[in-house]
1. Taking the Cα centre of the range 1-94 as the origin, how large is its charge dipole in debye, to the nearest 20, when only Lys and Arg (+1) and Asp and Glu (-1) carry charge on their Cβ atoms?
2. Can you run phi through the Karplus equation (6.51, -1.76, 1.60; θ = phi - 60°) for the range 151-156 and list ³J(HN,Hα) in whole Hz, with x for Gly and Pro?
3. Considering only protein heavy atoms, what per residue accessible area in square angstrom results for the chain with a 1.4 angstrom probe?
4. Enter the accessible area of ASP154 (Å², nearest 10), with the probe set to 1.4 Å and all protein chains included.
5. How many percent of the accessible area of the chain is carbon or sulfur, using a 1.4 Å probe?
6. When every alpha-carbon pair in the range 24-129 is counted, what percent end up more than 22 Å apart?
7. Once amide H atoms are placed 1.01 Å from N in the peptide plane, what residues at a sequence separation of 5 or more from VAL206, or on another chain, have their amide H within under 5 Å of its amide H?
8. Using volume of the Cα convex hull per residue in Å³ as the read-out, say which of (1) 176; (2) 147; (3) 115 was calculated from these coordinates.
Amino acid sequence: GTTAGTHFFDVTNPATATEVAFVAGAYTGSGVVHRDYHDFQGYLYIVCDEGWSTSTLQIVDISNLPTSINVVYDSDSLFNTAHNIFIDTATAKLYACAGNTAMDIYSLHDPVNPTFLYSYTNVGHVHDAYVRNDTAYLNCGNDGFRIVDFSLLDLPLPPPMPYIELASLTSYPDAGYNHSGWLSDDGTIYVMQDENHGYDVKIMDV
């Protein structure tokens with residue numbers, strides 16, 4: 001990701017890596033600081049954190065790389081900007097952090113036509129998320145850390161509040177701006193970090 005858009009490189013031979021495709025961002029220029037990506041079922045999902053009036057969600061068919069790519073969706077109908085996205089591939093849900101609200105959830109059962117499911121606003125801000133099988137590990141900036149179960153969204157008629165908060169941490173050693181984290185493959189350890197200079201990494205038994 002650059003200020004211009006999204007670049008695709010063939011790095012089969014790193015010594016001769018070459019750009020094989022490019023998708024211009026809906027918003028470009030020096031104002032762009034952050035783009036984020038996640039792939040799902042042969043598609044790449046692209047968001048930008050800047051350009052709230054002009055940015056879009058872009059979906060690119062990457063199944064023919066390194067030969068070619070095809071933009072299949074480029075629209076602001078769902079949202080313009082988002083800081084980060086995470087796709088729970090097991091349940092086909094896209095979580096858009098710090099977009100329209102603290103975090104918005106979309107169904108990807110039709111990967112090229114996302115549909116809105118729910119806005120999570122129980123915190124002021126979700127900076128980043130890691131989600132596995134509907135259990136979301138949410139890094140909420142100054143609001144700390146949450147673990148939330150969103151499996152109720154799969155009910156035929158989800159309740160008005162379709163989530164269960166399983167745990168939260170608002171006070172912990174070296175607490176600052178809770179930035180991001182990752183779950184271990186066996187699902188027992190979550191590692192997170194606060195976006196503050198010199199603060200320790202936190203390793204949690206979950």
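1. Working: 2 positive and 10 negative charges, 5 e Å.
Dipole of the range 1-94, to the nearest 20 debye: 20 debye.
2. Working through the residues one at a time gives 5, 5, 5, 8, 5, x Hz.
3. On the way: 10070 Å² over 206 residues.
Per-residue value: 49 Å².
4. Spelled out: ASP154, probe radius 1.4 Å, area about 90 Å².
5. Numbers: 5270 of 10070 Å².
C and S atoms contribute 52 percent here.
6. Details: 1438 of 5565 pairs.
Here the tail beyond 22 Å accounts for 26 percent of pairs.
7. Amide H to amide H, under 5 Å and 5 or more residues apart or across chains, VAL206 pairs with ILE189, TYR190.
8. (2)
The values are calculated or read from the model by the stated rules, or taken from the named source; none is laboratory data. As the structure is a prediction and not an experimental result, all values here were calculated from the model. Glycine gets a Cβ as well: all are built from the backbone with ideal geometry, and neighbour counts include every protein chain shown. We work out accessible area using only protein heavy atoms, side chains counted, and drop any ligands, DNA or RNA first. Shrake-Rupley method; radii C 1.70, N 1.55, O 1.52, S 1.80 Å.
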